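Step one of this worksheet: look at the structure below.
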Amino acid sequence: MHDLINDLAQYVAGEISFNLEGISVNNKQHTIFKKARHSSFNRLRMKCLRTLVALPLNAFSRYHFIPNKVLDDLINQFKCLRVLSLSGYYISGELPHSIGDLRHLRYLNLSNSSIKMLPDSVGHLYNLQTLILSDCWRLTKLPIVIGDLINLRHIDISGTNQLQEMPSKISNLTNLQTLSKYIVGENNSSRIRELKNLQDLRGKLSISGLHNVVDSQDAVDAKLEEKHKIEELTMEWGSDFGKSRNEMNEMNVLEGLRPPRNLKKLTVASYGGSTFSGWIRDPSFPSMTQLILKNCKRCTSLPSLGMSEIKTIDVEFYGGVVQPFPSLGLLKFEDMLKWEDWFFPDAVEGVELFPRLRELTIRNCSKLVKQLPDRLPSLVKLDISNCQNLAVPFLRFASLSELEIEECKEMVLRSGVVADRGDQMTSRWVYSGLQSAVFERYDRLVSLDDQRLPCNLKMLKIVDCVNLKSLQNGLQSLTCLEELEIVGCRALESFRETDLPPMLRRLVLQRCSSLRWLPHNYSSCPLESLEIRFCPSLAGFPSGGLPTTLKQLTVADCMRLRSLPDGMMHPNSTHSNNACCLQILRIHDCHSLVSFPRGELPFTLKRLEIRHCSNLESVSKRMSPNSRALEYLEMRSYPNLKILPQWVSRRGLSAPNLRELRIWRCQNLKCLPYQMKNLTSLQFLNIGHSPRVDSFPEGGLPPTLKFLSVVNYKNLKTPISEWGLHTLTSLSTLKIWGMFSDKVSLWDDEFLFPTSLTNLHISHMESLASLDLNNIISLQHLYIGSCPKLHSLTLRDTTLASLEIIDCPLLQKTNFPFSAHIPKFRMSGRVMYSTGAGKEMKAESHSTLSMHSPIRDLV
């Protein structure tokens with residue numbers, strides 16, 4: 001669809017604008033579109049249109065609205081549609097009844113929309129093959145007439161949490177291939193035996209509400225075992241285990257729901273029986289790779305995955321099979337608080353236990369005392385959490401590459417012991433396949449030197465190990481380590497005597513409250529990213545500087561930090577051999593920081609953020625006039641910033657790639673960069689709370705702007721009429737807050753807005769009395785707040801989708817002529833949605849709201 005739209009746009013030499021209002025073309029091009037077959041929203045009379053897809057219009061808007069009247073007009077105009085997609089749009093209540101007139105429709109996508117129900121007229125869509133209703137969070141019911149759509153092949157209702165049951169007659173849909181879920185309701189109209197005739201179902205199927213199955217014979221009649229193309233199956237009962245639950249009936253229902261032999265993944269949730277059916281551990285499922293048994297609280301016997309009452313997993317778990325679970329790849333045990341022992345059958349020569357198991361997770365099994373199997377040949381990831389008594393041997397896990405250990409206070413992380421330094425016994429990791437290790441809340445970890453980690457380790461993360469005091473020589477042997485994160489290790493004081501691993505590329509130090517000294521020698525490793533956060537005792541960087549390979553430096557919430565590292569700057573000389581390649585620099589909340597190192601910020605810098613650094617000198621002294629790589633610049637709560645870098649010089653533009661500029665709470669800033677209009681890549685400009693700025697730069701703003709926010713510039717003298725907004729042909733969002741305290745009106749009646757503007761926010765205008773928005777032809781979302789004297793509001797009656805008026809007392813006394821074409825209306829916290837034709841209400845004499853409709857052919 002995107003390629004089609006692009007080709008069409010190129011065909012008419014770029015003079016087409018695709019948006020909710022439509023396609024704007026001249027008369028010569030009108031005839032081209034009469035024969036169009038595929039389009040996004042349009043307003044031309046294309047009666048032969050086959051495909052209509054509503055694409056998102058505004059990247060900065062969370063919601064996209066389509067009025068019911070517009071939708072009804074679209075349906076009535078395009079009777080030949082085969083494909084209709086309104087995915088992601090807010091639709092009031094339900095689709096219009098006219099949807100049933102699209103007799104040729106094959107594909108209807110309403111996913112992630114706000115519909116509550118479908119009209120009965122959808123029963124007329126006899127040719128419909130695909131119906132997508134996924135993530136329709138307000139959908140409560142499907143019409144019975146869906147059973148008449150015998151050509152349906154795909155129904156997706158995943159993520160419809162308020163849907164309570166399935167309609168009757170769904171068994172008529174014998175061509176159905178995709179049914180994401182089937183809900184058994186409380187009445188007999190949605191009995192599970194309706195699945196009997198749907199023999200062509202395939203892929204994923206979720207069956208919920210199984211506690212509502214009264215007659216277990218219905219489960220047998222569903223004939224799941226004959227649906228050989230189903231690969232993933234979920235069976236779910238209700239989460240309420242009250243007295244109304246019939247244990248024997250649920251056991252019979254589960255027995256009757258035996259799945260097909262080719263099943264790969266099975267989930268059984270909230271099952272109320274005390275035992276599982278024999279088929280669930282039957283070796284006749286050769287393709288089974290994942291089995292999840294969740295919240296089965298009443299189960300007292302095997303299989304025993306995830307059961308809170310289980311004490312022992314014994315031979316019954318393996319079902320007497322010589323090689324159980326030959327295809328199982330993922331195994332999880334969670335919240336088994338009484339589990340003490342895991343039995344492993346005697347080894348048979350040439351036979352592996354769990355031969356394809358790649359991931360093993362054991363969490364919150366605090367009483368488990370026996371060690372894990374000592375041979376899992378395919379194990380790649382091991383995750384153990386809150387298992388204080390579990391022993392981990394690591395003797396024969398030859399494929400293990402990821403290890404995560406959390407809150408295992410008594411765990412012994414030793415694979416063996418060797419004699420060293422006389423009679424002293426130390427630990428050693430005797431296997432070398434491990435590449436990733438995470439130690440979290442592991443109180444026994446005091447020194448890395450004691451652990452002797454495997455030399456092939458590539459990633460090491462140590463989190464909240466409060467007794468870790470020393471790294472010492474523990475890192476030197478990690479010759480392959482590329483990422484190191486140390487977080488919340490409050491006893492760690494120094495890196496001073498530590499040499500970093502030779503291949504280290506990323507180093508993160510966070511919440512190490514006692515850390516005072518950083519490593520002295522960075523030159524021995526190709527470090528690319530250094531991140532230091534919440535280390536309040538850190539006073540400075542070592543004199544050795546940083547490696548020339550560094551691309552990203554983040555320093556945040558280091559309250560005592562007085563200096564930044566040498567090596568992050570270029571000398572002023574353009575002939576310097578300094579190879580610094582820093583691309584991202586973030587300095588946040590470092591109040592003791594006073595100055596930058598000598599030299600200029602590197603030419604390679606793409607992103608610069610300085611926030612809440614109250615004593616730092618102005619960055620403008622350290623920025624090169626040739627910052628051509630810069631894409632993002634943010635200055636926030638930066639009192640020493642008096643002037644921004646002047647990117648435009650006699651030699652021409654020097655920041656051609658700057659896309660986003662944020663200047664916020666810089667109280668001593670005197671002016672914005674001159675000739676900003678020459679920043680030809682700038683798309684996002686957010687400036688606010690800089691009271692000394694009194695004028696906009698000469699020449700206006702860059703024409704590439706998409707988002708413009710000007711907040712609390714109380715001394716700004718340049719009127720909005722001189723901002724050149726009409727030249728900003730890409731502008732979609734405009735925010736004007738807290739300005740022009742003496743203005744009763746922001747612009748005159750002749751003021752022009754860009755045709756691309758869809759979002760407008762106006763707030764905290766103390767003297768504003770009237771607001772005329774009649775000249776904004778594409779406005780969809782309007783917010784007006786905290787304007788105490790505003791009493792007159794004039795709007796164009798177009799496709800306005802949301803209107804919010806907050807803390808405007810004079811307007812709030814008005815009875816608004818609330819029309820059906822505004823789906824969402826909010827007044828001081830009260831949200832109202834239109835449900836039909838609007839009602840004209842008489843306005844009070846001191847307040848007026850006018851709506852004009854000069855263009856009637858908009859769809």
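The values are calculated or read from the model by the stated rules, or taken from the named source; none is laboratory data. In this text the structure is predicted, and so the values were computed from the model without any measurement. Glycine also receives a Cβ, built like all others from the backbone with ideal geometry; neighbour counts cover every protein chain displayed.
Could you identify the single residue in 225, 231, 247 that is touching a strand residue (DSSP E or B) at 6+ places or on another chain (Cβ under 7 Å) and of a type outside the set (S, T, N, Q)?
Values: 225 fails: touching a strand residue (DSSP E or B) at 6+ places or on another chain (Cβ under 7 Å); 247 fails: touching a strand residue (DSSP E or B) at 6+ places or on another chain (Cβ under 7 Å).
Of the residues listed, the single one that is touching a strand residue (DSSP E or B) at 6+ places or on another chain (Cβ under 7 Å) and of a type outside the set (S, T, N, Q) is 231.
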| task | For residue 546, work out the one condition from (1) within 22 Å of residue 617 (Cα to Cα); (2) outside any loop (DSSP other than H, G, I, E, B); (3) not polar (S, T, N, Q) it doesn't fulfil. | result | (2)
| task | Select from segment 150-179 the residues that are under 32 Å from the mean Cα position of the chain (by Cα), among the polar types (S, T, N, Q), at pLDDT 90 or above and more than 14 Å from residue 135 (Cα to Cα) and list them in ascending order. | result | 177, 178
| query | Is segment 708-715 home to any residue that is in contact with a Leu (Cβ under 7 Å, 6 or more places away or on another chain), polar (S, T, N, Q) and in a loop (DSSP other than H, G, I, E, B)? | reply | no
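Quick check on this structure: which one of 341, 335, 374, 383 is surrounded by fewer than 18 Cβ atoms within 10 Å (Cβ to Cβ), of a type outside the set (Ser, Thr, Tyr) and modelled with pLDDT under 75?
374
Yes or no, residue by residue, for (1) of a type in the set (Ser, Thr, Tyr); (2) in contact with a Lys or Arg (Cβ under 7 Å, 6 or more places away or on another chain); (3) surrounded by 20 or more Cβ atoms within 10 Å (Cβ to Cβ):
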{"site": "660", "(1), (2), (3)": "no, no, no"}
{"site": "677", "(1), (2), (3)": "no, no, no"}
{"site": "680", "(1), (2), (3)": "yes, no, no"}
{"site": "685", "(1), (2), (3)": "no, no, yes"}
| task | Consider residue 786 carefully, then state whether it is over 23 Å from residue 658 (Cα atoms) and under 36 Å from the mean Cα position of the chain (by Cα). | result | yes
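Let me confirm something: among 640, 657, which residue is under 34 Å from the mean Cα position of the chain (by Cα) and either of a type in the set (Ser, Thr, Tyr) or assigned to a loop (DSSP other than H, G, I, E, B) (or both)? Spell out how you get there, then give the answer.
Numbers: 640 fails: under 34 Å from the mean Cα position of the chain (by Cα).
Criteria check complete, one pass: 657.
Taking segment 721-774 as the region of interest, how many residues are among the β-branched types (Val, Ile, Thr) and either surrounded by 18 or more Cβ atoms within 10 Å (Cβ to Cβ) or in contact with a Lys or Arg (Cβ under 7 Å, 6 or more places away or on another chain) (or both)? Give the steps one after another, and end with the answer.
In the first step, residues of segment 721-774 are kept if they are among the β-branched types (Val, Ile, Thr); the result is 727, 729, 733, 736, 744, 755, 758, 762.
If we keep only those that are either surrounded by 18 or more Cβ atoms within 10 Å (Cβ to Cβ) or in contact with a Lys or Arg (Cβ under 7 Å, 6 or more places away or on another chain) (or both) too, we end up with 733, 736, 758, 762.
Matching residues across segment 721-774 total 4.
Here is a yes/no grid of residues against (1) buried (at least 19 other Cβ atoms within 10 Å of the Cβ); (2) within 30 Å of residue 369 (Cβ to Cβ); (3) at pLDDT 80 or above:
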site	(1), (2), (3)
256	yes, no, yes
267	no, yes, yes
276	yes, yes, yes
279	no, no, yes
306	yes, yes, no
| remark: Among (1) in contact with a helix residue (DSSP H, G or I) (Cβ under 8 Å, 6 or more places away or on another chain); (2) surrounded by 17 or more Cβ atoms within 10 Å (Cβ to Cβ); (3) within 20 Å of residue 65 (Cβ to Cβ), residue 122 falls short only on (3)
| In this structure, does residue 289 turn out to be of a type in the set (Val, Ile, Thr) and at pLDDT below 90? | yes
| Failed item in (1) modelled with pLDDT of 95 or more; (2) surrounded by fewer than 16 Cβ atoms within 10 Å (Cβ to Cβ), with residue 698 passing the rest | (1)
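Look at segment 196-228 and say how many of its residues are in a loop (DSSP other than H, G, I, E, B) and β-branched (Val, Ile, Thr). First the steps, then the outcome.
To start, the set of residues in segment 196-228 that are in a loop (DSSP other than H, G, I, E, B) comprises 196-202, 209, 213-215, 222-223, 227-228.
In the following step, the residues that additionally are β-branched (Val, Ile, Thr) were identified as 213-214.
Of the residues in that region, 2 qualify.
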| field | Odd one out for residue 98, checked against (1) touching a Gly at 6+ places or on another chain (Cβ under 8 Å); (2) hydroxyl-bearing (Ser, Thr, Tyr); (3) surrounded by fewer than 19 Cβ atoms within 10 Å (Cβ to Cβ) | value | (1)
| message | Against the conditions (1) over 25 Å from residue 655 (Cα atoms); (2) of a type in the set (Val, Ile, Thr); (3) without any contact (Cβ under 8 Å) to a residue 60 or more places away in the chain, where does residue 758 fall short? Just the number, please. | response | (3)
| query | Do you know which residues across segment 780-797 are assigned to a loop (DSSP other than H, G, I, E, B) and touching a Leu at 6+ places or on another chain (Cβ under 6 Å)? | reply | 787, 790, 791
| query | Residues of segment 569-587 being at pLDDT 75 or above, of a type in the set (A, V, I, L, M) and farther than 22 Å from residue 536 by Cβ, which ones? | reply | 569, 582, 584
| task | Spot the failing condition for residue 668; the list is (1) in a loop (DSSP other than H, G, I, E, B); (2) under 30 Å from residue 594 (Cβ atoms); (3) within 34 Å of the chain's Cα centre (by Cα), and only one is missed. | result | (3)
| Any idea which residue in segment 132-191 is farthest from residue 111 (Cα to Cα), counting only those that are surrounded by fewer than 16 Cβ atoms within 10 Å (Cβ to Cβ) and hydrophobic (A, V, I, L, M, F, W, C)? | 150
| message | With within 38 Å of the chain's Cα centre (by Cα), over 22 Å from residue 287 (Cα atoms) and among the charged types (D, E, K, R) as the only criterion, which of 194, 232 stands out? | response | 194
| message | Give me the residue from segment 235-250 that is of a type in the set (A, V, I, L, M, F, W, C), under 38 Å from the mean Cα position of the chain (by Cα) and more than 17 Å from residue 201 (Cβ to Cβ) and, out of that set, modelled with the highest pLDDT. | response | 237
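Specify which of the listed residues (175, 197, 246) is under 17 Å from residue 298 (Cβ atoms), without any contact (Cβ under 8 Å) to a residue 60 or more places away in the chain and out of contact with any Gly (no Cβ under 6 Å at 6 or more places or on another chain).
Numbers: 175 fails: under 17 Å from residue 298 (Cβ atoms); 197 fails: under 17 Å from residue 298 (Cβ atoms).
Matching residue, one of 175, 197, 246: 246.
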| query | In segment 683-738, how many residues are among the hydrophobic types (A, V, I, L, M, F, W, C) and in contact with a Cys (Cβ under 7 Å, 6 or more places away or on another chain)? | reply | 1
| field | Those residues of segment 111-132 which are in a loop (DSSP other than H, G, I, E, B) and out of contact with any Phe, Trp or Tyr (no Cβ under 9 Å at 6 or more places or on another chain), in sequence order | value | 111, 115, 116, 118, 119, 125, 126, 127
